[in-house]
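The values are calculated or read from the model by the stated rules, or taken from the named source; none is laboratory data. Quick caveat: nothing in here was measured; it's all calculated off a predicted structure. Here the Cβ is made from the backbone with ideal geometry for all residues, glycine too, and neighbour counts use every protein chain on show.
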Amino acid sequence: MRIILGVGGGIAAYKSASLLRLFKEAGHHVTVIPTDAAEKFVGRATWEALSGNPVSNSVFDDVESVNHVRLGQEADLVVVCPATADLLARAAAGLAGDLLTNTLLVATAPVVFVPAMHTEMWMHPATVANVATLRSRGSTVMDPAVGRLTGKDTGPGRLPEPADIYDFITGGLADGTLQQRPTAVPGSAAPGTSVPGTATLDPGPLAGKRVLITAGGTREPLDPVRFLGNRSSGKQGMALARAAAAAGAEVELIAAHIEVAIPDGIKSSSVETALDLREATLEAAARSDVVIMAAAVADFRPAEVTDSKIKKRDDAADPVITLVRNPDILVEVVQQRGTDGTPLIVGFAAETGDDRGNVLDYALSKLERKGCDLLVLNRVGRDLVFGQDDTEITVLARSGAEPQSHRGSKDSAAATVIRRIVAELSG
């Protein structure tokens, strides 16, 4: 495969060298086009040594071969990593001031932008609009990771790890979510419509599907101040929402306690307790094609909730808190669905092993007991999964299909789950 690797002028440019190495190790021919600003972070000699090809960022180099047109015409894939706010803006505006932006205008192969910038830049309305524009034209814009940025800043905008970018791209090529850029007659067609002699914008494998996702951790009140809760941050649920939306689904999110922002454009509602979540989920599941139960739901709640704060007194005995079981929402969603098997239901199992069995034993038992179509197994612990940027999952199927394991970022894990859902829906 002939790959163009465009490199924007951000400090994350150094990670693109590792992405280049992954492409080369897989046997691909890679041509690197850095912007002028990118060369201030990583020099041209590095790109030439790693790619084995000459590197240029000028439209006036190799003029005799019409290089500024030829590269885009011959490319099988274009990846822009990192894609800075400035580069996204120039690409969305259709500017052609250097070799990279010329190539983007010419290329009809799949184009993937991997943004990296400070959180304020990523969330600015101009960047949000530019990303939406690029996506509407058929390009794929990968959501950035959440984590440490330049300096002391932390938030969404971090470049994903090269292995996760590579998995995202190769997975998208394999399942067809990365499509050739359509050619368009200006003013003649909207996304999803066709014009004689032109391609249509691929709506995604989940286009027309309504996907319900629950996320975050429920909180069960003891008194007006205290509650029983868990360590869930909602990161995996948000990643699933982004992946489902990127696949073309109409996503509805029910969020318990979360510590991350809800993705732009996602319809959402908030709940606190397991009983709140049960009511909202059963109502929304009835109108959904897919239900993904990623929320960490409390198994128990206090039998009594006091109207005033429980006081700690030296002259009183320690309080005894009696717990009662919460309803099993996943089982109820399964029992509620129609005879046609709709919706497809995905459960999550956050498990720890003990002297009675390992995490896989417990997950297989839960899959059988719950009756859902897919079960995503997480091995959890104090420093595992909850609140972390990386995860390890195993997807189990009620049909008996081979379990599928994945280790990486929560975004790449979400992409794995969504691809498995697409496969289940297609039979």
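Brief remarks on what is shown
- Here is the figure for the range 118-133: residues that are of a type outside the set (Val, Ile, Thr) and either out of contact with any Gly (no Cβ under 9 Å at 6 or more places or on another chain) or on the phi > 0 side of the Ramachandran plot (or both) total 5.
- Residue 247 vs. criteria crowded, with 23+ Cβ neighbours inside 10 Å, modelled with pLDDT under 90, within 19 Å of residue 344 (Cα to Cα) and of a type outside the set (Lys, Arg): yes
- Of the criteria (1) at pLDDT below 95; (2) closer than 17 Å to residue 211 by Cα; (3) touching a Gly at 6+ places or on another chain (Cβ under 9 Å), which one residue 330 fails: (1)
- Every residue from the range 406-427 that is hydroxyl-bearing (Ser, Thr, Tyr) and part of a helix (DSSP H, G or I): 412, 416
- Among the candidates 272, 252, 259, 304, the residue that is assigned to a loop (DSSP other than H, G, I, E, B), surrounded by fewer than 23 Cβ atoms within 10 Å (Cβ to Cβ), in contact with a strand residue (DSSP E or B) (Cβ under 8 Å, 6 or more places away or on another chain) and of a type in the set (Asp, Glu) is uniquely 272.
- Lone qualifier among 228, 282, 240, 277 - being touching a residue at least 60 places away in the same chain (Cβ under 8 Å) and surrounded by fewer than 23 Cβ atoms within 10 Å (Cβ to Cβ): 228
- Only one of 59, 114, 78 that is over 22 Å from the mean Cα position of the chain (by Cα) and closer than 22 Å to residue 2 by Cα: 59
- Elements of type helices (runs of 4 or more DSSP H) contained in the range 1-93, each with 3 or more residues being of a type in the set (A, V, I, L, M, F, W, C): 13-25, 44-51, 85-93
- Scanning the range 114-138 for residues being out of contact with any strand residue (DSSP E or B) (no Cβ under 6 Å at 6 or more places or on another chain) and either outside the structural domain of residue 159 (by TED's automatic domain parsing) or assigned to a loop (DSSP other than H, G, I, E, B) (or both) gives a total of 3.
- Total residues in the range 307-353, condition under 40 Å from the mean Cα position of the chain (by Cα) and either of a type in the set (A, V, I, L, M) or not in a helix (DSSP H, G or I) (or both): 30
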